Structures are given as structure tokens and as C-alpha cells.
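Engineer: Shown below is the structure under consideration.
The values are calculated or read from the model by the stated rules, or taken from the named source; none is laboratory data. If you're wondering where the values come from, they're calculated on a predicted model, not measured in any experiment. Note that each Cβ is placed from the backbone with ideal geometry, even for glycine, and that neighbours are counted across all protein chains shown. Areas reflect the complete protein model, heavy atoms only, side chains present, ligands, DNA and RNA absent. Shrake-Rupley method; radii C 1.70, N 1.55, O 1.52, S 1.80 Å.
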Amino acid sequence: MAFIKDKFKEHGLAGLMSSLNRFCGVLLTWRQHQALVRVIDQPQTRAVRARFPRVQYRYTLPYLSTSLDWQERWSALRSHYAFVNAVFGADFSQRVLDDRLAIWHSEQDGHVLSVHIQGLCPVTKHREGELTLCFKMDGLPIYKMSFSFIRWGDLNLNDLVGTVPVEHAMYIGRVQGVSGAMESIRLATGLLGDIAPQDLLMSVLFGLASALNIRKVIGVSDETCVSCDTIAVSDSSFSYKQFWDRYNGLLLSGGHVLVSLPLAEKPLSEISSKHRKRTQRKRDFKKQVATQSEQALRLVLA
């Protein structure tokens, strides 16, 4: 009874009815729900549930992409924690939750740039991934990329014939700058030789994928991003379409976008001669970031 009163006070009648509907959905699929709980309660990820007791219910709300149904969301959440338990060391989740896992680091003109793997976003309703790559400058976060490990078979896709259903991919549910950090983002871009923070995060992600032998990255579109309403209110100019186009993203059914690895780059001969040196420099730097990130992640694998 106290739960109902609290929900009504916090979210009103509509919020209360939504919570009751989700609760009924869990009851109707109780065995399936308990299977998820058992996976999360394994040694490598038990710390996540201890810190965020409601993590087991994240699939009952829009999760990763607005196009995923109840079963897809449950499958994706289960796959992520099963994968983490299978491949990472015992202290991985605790280090992630405590923000003690720096995966890349550099010093440029007196500024410290770094990328950390963090855990669940503490901001309410951010369900765009179980892990977050957080780009920091001088210790302050300025850009974030949230993702989860899923299996290809978790999504109801028939786009690529011959794809193994159990093959894992990294699903990116959010790429977003930190509110109020625009000046720092501009400064960081300059320090990185005109490489935007979101592109540096992609290089880090590619390094992580290489360490884990993952060859597919899937992401949301502008229409299926869980936080699209928040982005619209913030008047952000970020475009997922433009972002994925830079990585040869292939639009799949359900509004998902596929990036295949290793990434095919445009031949330098097809780039204007006056831009070739700059392009090669940026490519070399991003490859170096990916290699360093791969090496750092291998240290925390089981």
C-alpha cells in the first residue's frame, strides 16, 4: 500500500497505472524475470544489484531503443550481464561502479584528457546502456557514450542472412555531451587535433571491441533514441544520422544502425591532396587510441 501511495505522490495517476502495468508484466513472466535475477546475482555483477537494487526491472521500461519490445529488452539485459560474468575479472563491476577504471589517458598542453568506463547512469530514466564511456577533461566529464553487450539474436532482425544469433555486439544507446560543457568540448576538440570527443569515444569503443573479438556495433537512430524527448528540449544539434554516416552505418529494421568492424576507410587517393596529411594524422591518432584502449581492457579480462 505504501508503494502505491508513493508512486501516486511522485508520478500521479498515469505514473501509478504505468507502474502497476509493469508490475503485472513481471508477475506474468515471473520465471523469466527470476532467470534474469540469477544472472545478475553472479559474482562478477552482484555489486551492480547491490548498488542499484532496481536494475533487474530496467527492461520493463523503454531500454536501449524505443523500438525494442518487452522480450527484446529482457533478452538484451540478460545478455549483457551474462557476457560480463563470462569475460571480465571479479573486480570489474566494482571498479566500474566506483569510477576507478580509466581506459585511456593523455596530457595535452597542460590539460589531462581521459576516458573511464563507468556503470549505470545515476540520472533517473537513463536506460540507454549498462556501461558508459565517460570522456573527462581535467577530471570533469564532458561527453558520454552509453552501451551494452547484446547478442545479435536478442533483436528481431532479419536484415543480414547468415549472421550467427549468438554473436555478440555492442549496442550504443546514447551519445551525448554533458550539459553546460560546450566550451570544454570545443577546447578538447582543439587539443585532440580537431577530433571531436564523440569520435574519440568511438575509437576507444573500437579498441574495447577488438579486445573482446566483437565485430559489430549497433546503435540507435534519431527516431529510436530513448532520450530523444530530452534532447529535443535541450535544443541539442547532435544528429545520430550524421554521426553514423561517418562510420558507414547501415540502417536496419527497427531503426537500428549497424557498424561493421574493422571499419573500412576511404582511400587517401580519394581525398583532396591538401587534406591528406591532416586526414592521415587524425587516423593515426585514433588508431593509437584504439590500441591503447584495447591493451588497457585486456588487463581486466578474466
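Engineer: Before I look further, what does the stretch 128-218 give for accessible area per residue, probe 1.4 Å, in whole square angstrom? Could the numbers behind the result be given before it?
Structural biologist: Values: 3100 Å² over 91 residues.
Result: 34 Å² per residue.
Engineer: Using the alpha-carbon atoms, what tilt in degrees (0 to 90, nearest 10) does helix 197-211 show relative to the longest principal axis of the chain?
Structural biologist: 80 degrees
Engineer: What is the sum of charges around GLY207, taking Lys and Arg as +1, Asp and Glu as -1, for the other residues whose C-beta is under 15 Å from the C-beta of GLY207? Write down the numbers at each step before the final one.
Structural biologist: Values: positive: ARG215, ARG283, LYS286, LYS287, ARG298; negative: ASP199, ASP284, GLU294.
Result for the local shell: +2.
Engineer: Treating the angle as unsigned and between 0 and 90°, give the value, to the nearest 10°, between the Cα long axis of helix 30-40 and the longest Cα principal axis of the chain.
Structural biologist: Around 40 degrees separate the two axes.
Engineer: With r defined as the distance between the Cβ atoms of LEU261 and GLU183 and R0 fixed at 25 Å, what FRET efficiency is calculated, to the nearest 0.05?
Structural biologist: Working: r = 33 Å, r/R0 = 1.32.
Given R0 = 25 Å and the Cβ-Cβ separation, E is 0.15.
Engineer: What chymotrypsin sites (Phe, Trp or Tyr not before Pro) in the stretch 242-271 are in a loop by DSSP, with at most 14 other Cβ atoms within 10 Å of the Cβ? Let's see the in-between values first.
Structural biologist: Working: sites: PHE243, TRP244, TYR247; in loops: TYR247.
Of the chymotrypsin sites (Phe, Trp or Tyr not before Pro), not one in the loops of the stretch 242-271 has a Cβ with at most 14 other Cβ atoms within 10 Å.
Engineer: Ok, one more. Given R₀ = 25 Å, what would the calculated FRET efficiency be for LEU20 paired with ASP98, taking r from the Cβ atoms and rounding to 0.05?
Structural biologist: Values: r = 35 Å, r/R0 = 1.41.
With R0 = 25 Å, the Cβ-Cβ based efficiency is 0.10.
Engineer: Let me ask you something else. Report the local net charge at VAL166: Lys and Arg +1, Asp and Glu -1, summed over other residues whose C-beta lies under 11 Å from its C-beta.
Structural biologist: Details: positive: ARG151; negative: ASP154, GLU167.
Here the charged neighbours net out to -1.
Engineer: Hey, what number do you get for the chain at 222 nm if only DSSP H runs of n ≥ 4 count, each worth -39500 (n - 2.57), divided across all residues, to the nearest 500? Provide the component values of the computation, followed by the final result.
Structural biologist: Numbers: 10 runs with 132 residues, N = 302.
That comes out to -14000 deg cm²/dmol.
Engineer: How much length would be gained if the chain were fully extended between HIS275 and LYS287, taking 0.36 nm per residue of separation minus their Cα-Cα distance, in nm to one decimal?
Structural biologist: 2.5 nm
Engineer: Something else about it: Of (i) 0.97; (ii) 1.02; (iii) 1.05, which is the value of Rg/Rh (Cα atoms, Kirkwood Rh) derived from the coordinates here?
Structural biologist: Only one listed value fits the structure, namely (i).
Engineer: Below 10 angstrom from the Cβ of SER239, what's the summed charge of the other residues (Lys, Arg +1; Asp, Glu -1)? Don't jump to the answer; show the numbers that get you there.
Structural biologist: Details: positive: LYS241; negative: ASP222, ASP245.
Once all neighbours under 10 Å are counted, the net charge is -1.
Engineer: Helix 273-298: angle to the longest alpha-carbon principal axis of the chain, degrees 0 to 90, nearest 10?
Structural biologist: On a 0 to 90 degree scale, this one is about 50.
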